[in-house]
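Chemist: After the structure tokens below, expect a handful of questions from me.
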Amino acid sequence: MENPLQLKCLNHISLVCRSVEKSVDFYQNILGFFPVKRPGSFNFSGAWLFNYGIGIHLLQSDNPDSMPKVGGINPKNNHISFQCESMALLEKKLKELNIEYVTSGVEEGGIRVDQLFFHDPNGYMIELCNCDILPVTPLPVDSIQSSCSLTNRNVRRQRQQEQQVQLQVQKIEHVLWRN
């Protein structure tokens, strides 16, 4: 798989907050993030949190009153998603905490993914799901060509990537069958 920018992984997301304190409380006590040291050279208020292999950088808004009002919960809006182990436990916990949420789901090939959507204190959408049960399946080159105008170089690159993914899947299947 080609990696022209030599990227390693997603490091963090930054969220502008009405109140850094309320946001820290939410991300720490609801989603399980923990505070980490933030460089002292910043000349603005904020906090850094970490867990699940990702950082969340909270930045205090210069004008919290001008931030968009929290609207209805719409699963098609921008959101960040976290995989979970028990959707039933999550739903019970959100009810106990009086956090408004909506449920949704998607089905593919007989596999059902359950989703819960809710807002953080700033109106950012959070999704909790059991998405890890849905396999990540690379698209065939032909279906990509029909929806995009790719150059020959990109087509060759896509084929190489597809072959590499197929080899990885075969290796994983081989290991699983041996165990």
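The values are calculated or read from the model by the stated rules, or taken from the named source; none is laboratory data. Bear in mind the structure is a predicted one, so any value in this text is a computation, not a measurement. Cβ: placed from backbone, ideal geometry, glycine included. Neighbour counts: every protein chain shown. SASA here: full protein model, heavy atoms, side chains in, ligands and nucleic acids out. Shrake-Rupley method; radii C 1.70, N 1.55, O 1.52, S 1.80 Å.
Chemist: How many residues are open to solvent by 50 Å² or more (accessible area, probe 1.4 Å) and either assigned to a loop (DSSP other than H, G, I, E, B) or touching a residue at least 12 places away in the same chain (Cβ under 8 Å) (or both) if we restrict to the stretch 61-70?
Modeler: 5
Chemist: In this structure, does Val113 turn out to be touching a residue at least 12 places away in the same chain (Cβ under 8 Å) and closer than 21 Å to Cys17 by Cα?
Modeler: Taking the combined requirement at face value, the residue does not satisfy it.
Chemist: Is it true that some residue in the stretch 26-45 is of a type in the set (Gly, Ala, Ser) and in contact with a helix residue (DSSP H, G or I) (Cβ under 7 Å, 6 or more places away or on another chain)?
Modeler: Yes, the conditions are met somewhere in the stretch 26-45.
Chemist: Let me ask something else. Given the criterion among the hydrophobic types (A, V, I, L, M, F, W, C), part of a loop (DSSP other than H, G, I, E, B), modelled with pLDDT of 65 or more and not assigned by the TED database to the domain that holds Val16, identify the matching residue among Ile80, Ile99.
Modeler: Ile99
Chemist: Filtering the stretch 1-32 down to residues that are free of Cβ contacts under 8 Å to residues at least 24 places away in the same chain and assigned to a loop (DSSP other than H, G, I, E, B), which residue is nearest to Ile80 (Cα to Cα)?
Modeler: Among those residues, the one meeting the criterion is Gly32.
Chemist: Okay, next question. When you go through (1) touching a helix residue (DSSP H, G or I) at 6+ places or on another chain (Cβ under 7 Å); (2) under 23 Å from Arg18 (Cβ atoms) one by one for Asn51, which number turns out not to apply?
Modeler: For Asn51, the failing item is (1).
Chemist: To continue, here is another question. Scan the stretch 114-137 and tell me whether some residue there is over 28 Å from Asn11 (Cα atoms), open to solvent by 40 Å² or more (accessible area, probe 1.4 Å) and at pLDDT below 95.
Modeler: no
Chemist: Could you look through the stretch 1-42, keep only residues that are in contact with a Leu (Cβ under 6 Å, 6 or more places away or on another chain) and among the aromatic types (Phe, Trp, Tyr), and pick out the one that is farthest from Ser66 (Cα to Cα)?
Modeler: Phe33
Chemist: On to the next question. Determine whether Val36 is under 30 Å from Thr103 (Cα atoms), out of contact with any Asp or Glu (no Cβ under 9 Å at 6 or more places or on another chain) and at pLDDT 95 or above.
Modeler: For Val36, the condition - under 30 Å from Thr103 (Cα atoms), out of contact with any Asp or Glu (no Cβ under 9 Å at 6 or more places or on another chain) and at pLDDT 95 or above - is not met.
Chemist: Considering each of Leu128, Leu90 in turn, give the residue that is under 20 Å from the mean Cα position of the chain (by Cα), hydrophobic (A, V, I, L, M, F, W, C), outside any strand (DSSP E or B) and not assigned by the TED database to the domain that holds Gln28.
Modeler: Leu90
Chemist: Any idea which of Leu58, Leu49, Leu90, Leu7 is closer than 25 Å to Leu134 by Cα and open to solvent by less than 60 Å² (accessible area, probe 1.4 Å)?
Modeler: Result of the check over Leu58, Leu49, Leu90, Leu7: Leu90.
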